[in-house]
1. Looking at GLU51, GLU64 in this structure, which one is among the acidic types (Asp, Glu) and modelled with pLDDT of 95 or more?
2. Restricting attention to segment 78-115, which residues are surrounded by 15 or more Cβ atoms within 10 Å (Cβ to Cβ), over 17 Å from the mean Cα position of the chain (by Cα) and either on the phi > 0 side of the Ramachandran plot or of a type in the set (S, T, N, Q) (or both)?
3. If you go through segment 11-48, how many residues are modelled with pLDDT of 90 or more and of a type in the set (S, T, N, Q)?
4. Among the residues of segment 60-68, are any open to solvent by less than 60 Å² (accessible area, probe 1.4 Å), under 15 Å from SER119 (Cα atoms) and over 13 Å from the mean Cα position of the chain (by Cα)?
5. Please identify the pairs in which a residue from segment 37-66 that is hydrophobic (A, V, I, L, M, F, W, C) has its Cβ atom under 7 Å from the Cβ atom of a residue that is open to solvent by 70 Å² or more (accessible area, probe 1.4 Å), counting only partners at least 6 apart or on another chain.
Amino acid sequence: MLVRVFLLLACLLVSVPSMAQVGHPAKGSWSGNLSADQQRVRLLIDAHNGELSGTVNPGRRGVEMSSVVLEPSTWTLTITADMPEGKLVLNGKLENLGSWTNRKYFGTYTLGNQQGEFSFTIN
């Protein structure tokens, strides 16, 4: 009987850490549209030692984000990048943080002289 209790406790101790969140909620590959012209955009956000960084449209013509700032009390994320079309500023909110596949990032953007709304989903 004592062996069974010990095995049960061992299983519980192993399973508890597996339920913890892994990684930063903003980290990952995001895809979505800028509403004004339905321009498709991909964001690749990384977290290292508590600092966020990333690339807009990663690849040969990817643009490094100049600033990625998260306000944890409101889950507001602001991203800036110097795109060929002008300065891109995404100011929005993260939602569904506990989901691996349905996290959302939405808000308003400015790209050069364009303004509008955006919506991204984690891939």
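The values are calculated or read from the model by the stated rules, or taken from the named source; none is laboratory data. Treat the numbers as computed from the prediction; the structure is a model and nothing was measured. Counting neighbours? That spans all protein chains shown, and the Cβs are built from the backbone with ideal geometry, glycine included. Only protein heavy atoms, including side chains, enter the accessible area calculation; ligands, DNA and RNA are left aside. Shrake-Rupley method; radii C 1.70, N 1.55, O 1.52, S 1.80 Å.
1. Every option except GLU64 fails the conditions.
2. Once the filter is applied, which keeps residues that are surrounded by 15 or more Cβ atoms within 10 Å (Cβ to Cβ), over 17 Å from the mean Cα position of the chain (by Cα) and either on the phi > 0 side of the Ramachandran plot or of a type in the set (S, T, N, Q) (or both), segment 78-115 yields THR110, GLN114.
3. Residues in segment 11-48 being modelled with pLDDT of 90 or more and of a type in the set (S, T, N, Q): 3 in total.
4. no
5. ILE45/LYS27; ALA47/LYS27; VAL63/ASP82
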